[in-house]
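Student: First, the structure itself, so that you have it in front of you.
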2 protein chains.
Amino acid sequence: MDRVHDSVDEHVARWAARWDGNPAFAPEVEGAITRMQLLLRVKNRRDTAAFLGEEDFTREDYETLHALMVQPYPTEATPTQLAESVRVTKASMTGRLARLERAGLITRETDSDNRRRVLVRPTQAGQDAWDHYVHEGMRREQDILRGLTDKELVQLNTLLRKAVRGLE
Amino acid sequence: MDRVHDSVDEHVARWAARWDGNPAFAPEVEGAITRMQLLLRVKNRRDTAAFLGEEDFTREDYETLHALMVQPYPTEATPTQLAESVRVTKASMTGRLARLERAGLITRETDSDNRRRVLVRPTQAGQDAWDHYVHEGMRREQDILRGLTDKELVQLNTLLRKAVRGLE
DNA sequence: CTCAAATAGTTCGTCAACAAACAATTTAGT
DNA sequence: ACTAAATTGTTTGTTGACGAACTATTTGAG
């Protein structure tokens, strides 16, 4: 069967040669993990590049703003909630929010019901910025998987879903 | 068709509701990207955790050592080659190599044929460390995809390969 | 009611990444 | 052969992440 090859096949072949016969090495696992890493690394690189031209607005800023816009209770969250959502420490979130506030994309207001808490809300400019970038982001995601037909995308999800369920 | 669902299905459903009818949103793309991110994030978290107990040996150190051991021309490379392989700047690689050298896992020697270059080689201790951790790493990779059968892994690679080729 | 414990957010000190400037060396045009 | 350009690795200054210590506020046990 002369299937068409990609760059990862070469990597796996080299790797297999080195581990020749060692049952600890699973070529199909190595291939799948490596390919997923490759696809997401390309996406990541493009996402970052998309924000490089912007003044005072980074990929991290977008990520934070996104977490805020996507909250179940929309357009209002505390720094701790956002930190958990984005998986950074509260300390880092303090810095991120300071930047976004300085850029006029969010407001920070102490909650009058519990004066330890801070309520974070997007400004209109923040909502507009998110709206703009979320569209571009979806286009980039679709481009990453442009090699697959609709039917193949469904098959891919069926397999990935099973893998995810194996972990949950 | 009452397929079995995973956590990502909920995310996609919420997302689809928000973008109701908007053709810019592609649910199967969103699902596939999100699932790949989830799987690799779990792997990443576990990899990092596996090195937390170690004194003076981090995930980054392993990554660098790994790049060195995997060079086509094995067990010898220049800092620039390693930097490109790991995708960090040369400046960062200088710091990483200094750490590995301090830990006695590599040596740095100026190339007598071209005195601008530095040849990096693993010590025996470095090779032993890599050998140990690469086995554990493969076990973790296989565990990430334990939900899939061998046949499904092949199918997954067929689809991912096509996606990768779409980018190459 | 009072005071210790818990909680929310910020500040501080450290670490590693980056980009840009730099020093040393090699390559190439004339 | 000589010098300008390119290449290789390191140094420097800045940035953002982290954990731990800290401040302010709320909760709860007696």
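The values are calculated or read from the model by the stated rules, or taken from the named source; none is laboratory data. A quick note: this is a predicted structure, and the numbers were derived from the prediction, not measured. Positions of Cβ are backbone-derived with ideal geometry, glycine not excepted, and every protein chain shown enters the neighbour counts. Protein only, heavy atoms only, side chains kept; ligands, DNA and RNA dropped before computing areas. Shrake-Rupley method; radii C 1.70, N 1.55, O 1.52, S 1.80 Å.
Student: Measuring from label point to label point, each 7 Å out along Cα→Cβ, what is the A:Trp19 to A:Gln155 span in nm?
Tutor: Inter-label distance under the simple model: 2.5 nm.
Student: Here is a follow-up. How far, in whole Å, is the nearest Cβ of chain A from the axis relating it by rotation to chain B, and which residue carries it?
Tutor: A:Met36, 2
Student: What is the average number of partner chain Cβ atoms found within 10 Å of a Cβ in A:135-146?
Tutor: Working: counts 3, 1, 0, 9, 2, 1, 6, 7, 3, 8, 12, 4.
If you average over the peptide's residues, the count of other-chain Cβ atoms is 5.
Student: Shifting gears a bit: Using a 7 Å offset from Cα along the direction of the beta-carbon, what are the separations from B:Lys151 to the same position in each other copy, nm, ascending?
Tutor: Result, one decimal in nm: 1.9.
Student: In nm, what does the list of distances from B:Tyr73 to its counterparts in the other copies look like, shortest first, when each label sits 7 Å along Cα to Cβ?
Tutor: For B:Tyr73, the inter-copy label distances come out at 6.2 nm.
Student: Across the residues of A:21-28, average count of Cβ atoms on other protein chains within 10 Å? Each step should come with its number before you reach the end.
Tutor: On the way: counts 0, 2, 0, 5, 4, 7, 3, 11.
Mean inter-chain Cβ contacts per residue within 10 Å come to 4.
Student: Explain nothing, just the number: dipole magnitude of the protein assembly as shown about its Cα centre with +1 on each Lys and Arg Cβ and -1 on each Asp and Glu Cβ, in debye rounded to the nearest 20.
Tutor: With only Lys, Arg, Asp and Glu charged at Cβ, the dipole is about 260 debye.
Student: Can you classify the protein assembly as shown as rounded, prolate or oblate using the Cα gyration tensor, where a ≥ b ≥ c are the square roots of its eigenvalues, rounded means a/c under 1.5, and otherwise it's prolate if a/b beats b/c and oblate if not?
Tutor: Taking the square roots of the gyration eigenvalues as a ≥ b ≥ c, the protein assembly as shown is oblate.
Student: For the pairing of chain A with chain B, what total accessible surface becomes buried, with a 1.4 angstrom probe, in square angstrom to the nearest 100?
Tutor: Its buried surface, counting both partners, is about 6300 Å².
Student: Classify chain B as rounded, prolate or oblate, taking a ≥ b ≥ c as the square roots of the eigenvalues of its Cα gyration tensor: rounded when a/c is under 1.5, otherwise prolate if a/b is larger than b/c and oblate if not.
Tutor: Prolate, since a/c reaches 1.5 and a/b exceeds b/c.
Student: Something else about it: Per 0.36 nm of contour for each residue apart, how much would the distance between B:Arg87 and B:Glu101 grow if the chain were fully extended, relative to their Cα-Cα spacing? Walk me through the intermediate numbers first.
Tutor: Numbers: separation 14, 0.36 × 14 = 5.04 nm, distance 1.99 nm.
Stretched out fully, the B:Arg87 to B:Glu101 stretch lengthens by 3.1 nm.
Student: Here's another thing I want to ask about it. How many nanometers, to one decimal and shortest first, lie between the label point of B:Arg59 and those of its other copies, if labels sit 7 Å from Cα toward Cβ?
Tutor: Ordered by distance, the counterparts are at 1.5 nm.
Student: At q = 0.12, 0.16, 0.26 Å⁻¹, what is the log10 ratio I(q)/I(0) for the stretch B:3-94, with the Debye formula run over Cα points and no solvent?
Tutor: -0.63, -0.80, -1.26
Student: If amide H atoms are built 1.01 Å from N in the plane of the peptide, which residues on other chains or at least 5 residues away come under 5 Å of the amide H of B:Val118?
Tutor: The list, which skips near neighbours in sequence, is B:Asp111.
Student: Sticking with this one: Using a simple spin-label model with points 7 Å from Cα along the Cα→Cβ vector, what separation in nm is obtained for A:Asp131 and A:Val42?
Tutor: Result: 3.2 nm between the two label points.
Student: Give the average, rounded to an integer, of partner chain Cβ atoms located within 10 angstrom of each Cβ in B:4-17.
Tutor: 3
Student: Determine the order of A:Thr78, A:Thr110, A:Thr48 by accessible area, beginning with the largest, at a probe radius of 1.4 Å.
Tutor: Working: A:Thr78 15, A:Thr110 80, A:Thr48 55 Å².
Sorted descending by solvent-accessible area, the residues read A:Thr110, A:Thr48, A:Thr78.
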